[in-house]
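No lab work stands behind these numbers, since they all come straight from the coordinates. Keep in mind the model is a prediction, meaning the values are calculated, not measured. We place every Cβ from the backbone using ideal geometry, glycine too, and count neighbours over all the protein chains shown.
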Amino acid sequence: MAALLIFFIYIYKNYKVTTVYVEGSSHYSNEEIIDMVMGGVFSDNSLFLSLKYKNKSIDDVPFVSKMDVTVVDPNTIRIEVYEKALAGYIEYLEKYMYFDKDGIVVEASDVPTSGIPLVTGLSFDHVVLYEALPVEDTSVFESILTITQLVNKYNLSIDRIFFGSDDTVTLYFDDIRVALGEAVNLDEKIMKLQYMLPEIEGMAGVLRMENYTDETKSVSFEPDDENWKNAGADETDEEAFGESTGETQEGASD
């Protein structure tokens, strides 16, 4: 009995987890991930964790495909998080329904998640978890994923993506609407957008990029504020806008 007690004391003292590395998590904080993995009795013991998660991943966490737990040494573990590739979300029946690049609804939540844009303008009559959104043109999902990846790449904080009935795309940034036109040349447009938005920060209006390419550089800003326009500031600011972002030309009209 005494030998068994000494054995347990040895295991407790020498296999106590004091350092945890979390990799790959953006939806959950490191503390939340650690609580998921190390919850329960003996959860801070590396020997116990090595047995618990041997040849087994954690795959029942929302927004996460799986989590792998590796014991680095008796006092250190590493948690590798593999998140689901979410393209966007829609609002449906007071829920936020998240879908992937193929339009499959993979998660439902009561709260929105940062870094994933709200998508509006899609037409559908029902939503079923783990099934594809029933839209007419499924290529829209590839465009959504591309936009989501690009705005994250260039550290842009987007409010929502709107798809018009004419297949045009509009991005919303506070009071700025960015009219991209059809979903073509998205990389060029959004790369340039990161330099344009600071120039019109705090304003309200439409940034027209429907005809923008590296060759044409066709961009114009149409402010909502009639007083601002009547004061003649639109011409002055468009000139300054063009100096810092490239040649400014008249874009498509409403």
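In the chain, Cα pairs under 8 Å separated by at least six residues give a relative contact order of 10 percent.
With a point put 7 Å past each Cα toward its Cβ, work out how far Leu4 is from Lys52 in nm, to one decimal. About 2.3 nm, to one decimal. Taking amide hydrogens as placed 1.01 Å from N in the peptide plane, the amide H of Asp224 sits under 5 Å from those of Ala204, Gly205, Val206, each at least 5 positions away in sequence or on another chain. Based on C-alpha pairs under 8 angstrom that are at least 6 apart in sequence, segment 50-179 has a relative contact order of 16 percent.
Quick one: dipole size for the chain, taken about the Cα centre, charges +1 on Lys/Arg Cβ and -1 on Asp/Glu Cβ, in debye to the nearest 20.
Details: 18 positive and 48 negative charges, 482 e Å.
Dipole about the Cα centre, nearest 20: 2320 debye.
Label-to-label distance for Glu91 and Ala108 is 1.8 nm, based on points extended 7 Å past Cα in the beta-carbon direction.
Kindly put Tyr195, Tyr53, Tyr130 in sequence by how many other C-beta atoms sit within 10 Å of each C-beta, fewest to most. Walk me through the numbers before you get to the answer.
Values: Tyr195 12, Tyr53 18, Tyr130 8.
With the sparsest Cβ surroundings first, the list reads Tyr130, Tyr195, Tyr53.
Annotation: the antiparallel percentage among DSSP beta bridges lying fully within the chain is about 75.
Listed from fewest to most Cβ neighbours within 10 Å, the set Thr113, Thr170, Thr216 follows the order Thr216, Thr113, Thr170.
Within the chain, the longest run free of trypsin sites (Lys or Arg not before Pro) that sit in a DSSP loop with at most 11 other Cβ atoms within 10 Å is 57-254.
Relative to the Cα centre, the charge distribution of segment 82-215, modelled as +1 at Lys and Arg Cβ and -1 at Asp and Glu Cβ, gives a dipole magnitude of about 300 debye.
The value of relative contact order for segment 2-83, using C-alpha pairs under 8 Å at least six residues apart, is 38 percent. Which one is right for this structure if Rg/Rh (Cα atoms, Kirkwood Rh) is calculated from it: (i) 1.16; (ii) 0.96; (iii) 1.06? Computing Rg/Rh (Cα atoms, Kirkwood Rh) and matching it to (i) 1.16; (ii) 0.96; (iii) 1.06 gives (i). When the pairs Lys95/Lys189; Lys95/Lys153; Lys56/Lys84; Lys16/Lys52 are compared against a 21 Å limit on Cα-Cα distance, Lys95/Lys189; Lys95/Lys153 fall above it. Between the listed residues Phe141, Leu47, Leu118, the Cα displaced farthest toward the positive end of the dipole of segment 24-170, a dipole computed from Cβ unit charges relative to the Cα centre, is found at Leu47. Fully extending the segment from Met36 to Thr19 would add 4.6 nm, taking 0.36 nm per residue of separation and subtracting the current Cα-Cα distance.
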